[in-house]
Ligand code: FES
């Protein structure tokens, strides 16, 4: 496993809100969505493992994200699907430094999946 030691800048906390998740491309390899839940931030691959819907368009209630295409539900902390045990979204560690959000401990190997 190759982890990058350098935190990767995502955005300012003013760019994101509970109603407006933040979407970006990480190194042109993977699209990531960051959700704000109260004062916590969760980063996940922005692709439903069922049929590829954009998860930033999903409905977030507490820590459960519902995909709008077919209704699968996911725990945004773990990425685990609550409908199908084998389905999981790749998650990324987010850290807050001052007013800025960063990805932390990026596993470079997973970016090619
Ligand atoms: S694409 Fe997400 S539930 Fe089908």
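The values are calculated or read from the model by the stated rules, or taken from the named source; none is laboratory data. Note that this is a predicted model, so its numbers are computed, not measured. Heads up, the Cβs are rebuilt from the backbone with ideal geometry, glycines too, and the neighbour counts pull from every protein chain shown.
Can you tell me which of (1) at negative phi; (2) within 15 Å of the ligand (Cβ to nearest atom); (3) surrounded by 13 or more Cβ atoms within 10 Å (Cβ to Cβ) is the one residue 59 doesn't meet? Looking at each condition in turn, residue 59 falls short on (3).
Answer yes or no: is there a residue in the stretch 45-56 that is in contact with a strand residue (DSSP E or B) (Cβ under 8 Å, 6 or more places away or on another chain) and either away from the ligand (no atom under 13 Å from the Cβ) or more than 20 Å from residue 78 (Cα to Cα) (or both). No, the stretch 45-56 contains no residue that is in contact with a strand residue (DSSP E or B) (Cβ under 8 Å, 6 or more places away or on another chain) and either away from the ligand (no atom under 13 Å from the Cβ) or more than 20 Å from residue 78 (Cα to Cα) (or both). Quick check: anything in the stretch 7-26 under 13 Å from the mean Cα position of the chain (by Cα), surrounded by 15 or more Cβ atoms within 10 Å (Cβ to Cβ), at positive phi and modelled with pLDDT of 95 or more? No, that holds for no residue. Count of the stretch 38-53 residues, restricted to those that are touching a residue at least 12 places away in the same chain (Cβ under 8 Å) and over 15 Å from residue 92 (Cβ atoms), is 6.
For the stretch 27-37, the tally of residues that are at positive phi and in contact (Cβ under 8 Å) with a residue 24 or more places away in the chain stands at 1. Among all positions in the stretch 89-105, there is at least one residue which is out of contact with any strand residue (DSSP E or B) (no Cβ under 9 Å at 6 or more places or on another chain) and either away from the ligand (no atom under 13 Å from the Cβ) or at pLDDT below 95 (or both).
State which residue is nearest to the ligand (Cβ to nearest atom) when the search covers only the stretch 64-78 and only residues that are under 12 Å from the mean Cα position of the chain (by Cα) and surrounded by fewer than 19 Cβ atoms within 10 Å (Cβ to Cβ). Restricting to residues being under 12 Å from the mean Cα position of the chain (by Cα) and surrounded by fewer than 19 Cβ atoms within 10 Å (Cβ to Cβ), the top hit is 75.
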